[in-house]
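Trainee: Quick one: the structure is below, and I'll ask about it shortly.
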Amino acid sequence: MKNMIKQYETSAIPPLGGGGARSISVLSPATVANVVCGFDILGFALNNPTDEFTVSLSNEVGVQIINNDDFNLPTNPEINVSGAALLAMLEECTDVKGFTLISKKNIKPGSGIGSSAASAAGPVVAANVLLNNRFSKSDLVRFAMFGEKVASGVKHADNIAPAIYGGVTLIRSIFPLDIISIDAPPLHVTVVHPQIEVRTADARQILKQNVLLKDAIKQWGNIAGLVAGLIQHNYDLIGRSLEDVIIEPVRSILIPGFNEVKQKCKDAGALGGGISGSGPSIFMLSKDAATAKAVEAVMKDVYNRIGLDYQTHLTTINQEGVKVV
Ligand code: HSE
């Protein structure tokens, strides 16, 4: 990473302090990655749940982490998602000794709604405010990807980009980063999190490394259709493009009740949906709040009958991304 270090002339270093503040708190949103057909390239941010982070400038070298929740996440910054992201940022700040982070997670790790991305994105956005926004959003995504790598072993930005930019984002490329914000019509999002844990690293491991050309053609037709449908605010096109012929058939077997939830939610009026990120959460998009609520009832009904604990979230797309509070 050394070769990426941005050298500031001493006179050019923006002053520290975020308008005099030495401590900044943020809410960092959950996100839905892949959006069914866009594996590793599409994602959107949710208005809830959110994690809470407070970052302060420190006179100690490195990153100190204080956990303010019951998840028992590691406090060694090199193996902590937030810590790894902040360390990547520190490497490009010759004038900063360190940061202290207070972390309160509300998004359960391993839920499939971007818990690790929220952990990576929130702290770097807060730290950047402390540093008078010297880094661009794209730089912050680059730092946060070091955190995502700690979590899943791979750098991917389809949760991090929407967490930082808000709204729906397309990651056309990660090396070099090319992030495109996509205008979307109002959408209501219903998420069910069956209480099993699917590790992203495992859910990536089981994927096939080769795809048939006929499947690839279907998939890129759907991705293009979804992006066009979002931009044109065409709900029907969005709905019929929410189809994944490559990843979902493999991963859905890890999620009890997946096919039943998906079919019954569509029957209840959802536009469509599928696995959120690498699962086990399932998300559905609806045009209006009443349909989203009916979809939630269907999800609850399926898991009550299967006898599996679950949590649901009824929300909308977060247009702002990580928010300073
Ligand atoms: N695109 C990623 C995956 C998101 O599906 O593995 C999960 O972090």
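The values are calculated or read from the model by the stated rules, or taken from the named source; none is laboratory data. A quick note: this is a predicted structure, and the numbers were derived from the prediction, not measured. As a convention, Cβ positions derive from the backbone with ideal geometry for all residues, glycine included, and neighbour counts pool all protein chains shown. Keep in mind that these areas ignore ligands, DNA and RNA; they rest on the heavy atoms of the full protein, side chains included. Shrake-Rupley method; radii C 1.70, N 1.55, O 1.52, S 1.80 Å.
Trainee: Kindly give Rg over Rh for region 95-249, based on alpha-carbon atoms, with the Kirkwood expression for the hydrodynamic radius.
Mentor: When Rh is taken as the Kirkwood radius, the ratio is 0.99.
Trainee: Taking all pairs of distinct Cα atoms, average 1/r, flip it, and tell me the Kirkwood hydrodynamic radius of the chain in Å to one decimal place.
Mentor: One over the average 1/r among Cα pairs gives 19.9 Å for the chain.
Trainee: At 1.4 Å probe size, put Phe175, Phe71, Phe135 in order of accessible surface, largest to smallest.
Mentor: Most to least solvent-accessible, the answer reads Phe175, Phe71, Phe135.
Trainee: Right, another one. Where a Cα-Cα gap under 17 Å defines reach, which aspartates and glutamates qualify for Lys214, not counting those fewer than 8 residues away within the same chain?
Mentor: Glu243, Asp244, Glu248
Trainee: Now for a separate question. Which order do Glu92, Glu260 take by accessible area at a 1.4 Å probe, largest first?
Mentor: Glu260, Glu92
Trainee: Still on this structure, I have one more. Hey, what did the chain get for relative contact order, percent, Cα under 8 Å, at least 6 apart?
Mentor: Dividing the mean separation by the residue count of the chain yields 23 percent.
Trainee: Here is a follow-up. Which far-off residues, 5 or more places away or on another chain, put their amide H under 5 Å from the one on Leu42, with H placed in the peptide plane?
Mentor: HN-HN under 5 Å from Leu42: Asn34, Ile171.
Trainee: So how far apart, in nm, are the two label points at Asn234 and Asp183 if each is 7 Å from Cα heading toward Cβ?
Mentor: Result for the modelled spin labels: 1.5 nm.
Trainee: Can you put His313, His188 in order of accessible area, largest first, using a 1.4 Å probe?
Mentor: So, going from the largest accessible area down, we get His188, His313.
Trainee: Hey, how many Å between the Cα centroid of region 155-222 and the Cα centroid of region 38-81?
Mentor: 20
Trainee: Can you pull the semi-axes for region 224-325, root of five times each eigenvalue of the Cα gyration tensor, sorted largest first, whole Å?
Mentor: After scaling each eigenvalue by five and taking roots: 22, 18, 15 Å.
Trainee: Follow-up. Once you have the Cα-Cα distance between Gln205 and Asp288, take 0.36 nm times their residue separation minus that, and quote the gain in nm to one decimal.
Mentor: Here the answer is 26.2 nm.
Trainee: If you build a Gaussian network model of the chain, linking Cα atoms that sit under 10 Å apart, which residue out of Val141, Val124, Val63 swings the most?
Mentor: Val63
Trainee: Per DSSP H run of at least 4 residues, take -39500 (n - 2.57); add these up for the chain, divide by its residues and hand me the 222 nm value, nearest 500 deg cm²/dmol.
Mentor: Estimated from H runs of four or more residues: -10500 deg cm²/dmol.
Trainee: Can you run phi through the Karplus equation (6.51, -1.76, 1.60; θ = phi - 60°) for region 307-319 and list ³J(HN,Hα) in whole Hz, with x for Gly and Pro?
Mentor: Rounded to whole hertz, the list is x, 10, 4, 7, 9, 10, 10, 10, 8, 10, 6, 7, 8.
Trainee: Here's another thing I want to ask about it. Search the structure for amide H atoms under 5 Å from the amide H of Thr316, placed 1.01 Å from N in the peptide plane, and list their residues when 5 or more places away or on another chain.
Mentor: Asn47, Asn48, Val189
Trainee: Still on this structure, please answer the following. With +1 on the Cβ of every Lys and Arg and -1 on the Cβ of every Asp and Glu, and nothing else charged, how large is the dipole of the chain about its Cα centre, in debye rounded to the nearest 20?
Mentor: Once rounded to the nearest 20, the dipole reads 260 debye.
Trainee: What is the percent carbon and sulfur in the accessible area of the chain, measuring with a 1.4 Å probe over the protein chains and ignoring ligands?
Mentor: So the carbon and sulfur contribution to the accessible surface is 52 percent.
Trainee: Just read off the accessible area of Thr200 with the full protein assembly in place, 1.4 Å probe, to the nearest 10 Å².
Mentor: Accessible surface of Thr200 is approximately 40 Å².
Trainee: Over the chain, with a Gaussian network built from C-alpha contacts below 10 Å, which listed residue (Gln195, Gln232, Gln205) shows the highest mean-square fluctuation?
Mentor: Gln205
Trainee: Are any of the pairs Lys208/Lys287; Lys155/Lys262; Lys104/Lys323; Lys105/Lys137; Lys149/Lys266 more than 24 Å apart by Cα-Cα distance, and if so, which?
Mentor: Beyond 24 Å between Cα atoms: Lys208/Lys287; Lys155/Lys262; Lys149/Lys266.
Trainee: Write down the accessible area per residue of region 201-303 in Å², having rolled a 1.4 Å probe over the full set of protein chains.
Mentor: 46
Trainee: Given Cα pairs under 8 Å that are at least 6 residues apart, what percent is the relative contact order of region 221-325?
Mentor: Value for region 221-325: 19 percent.
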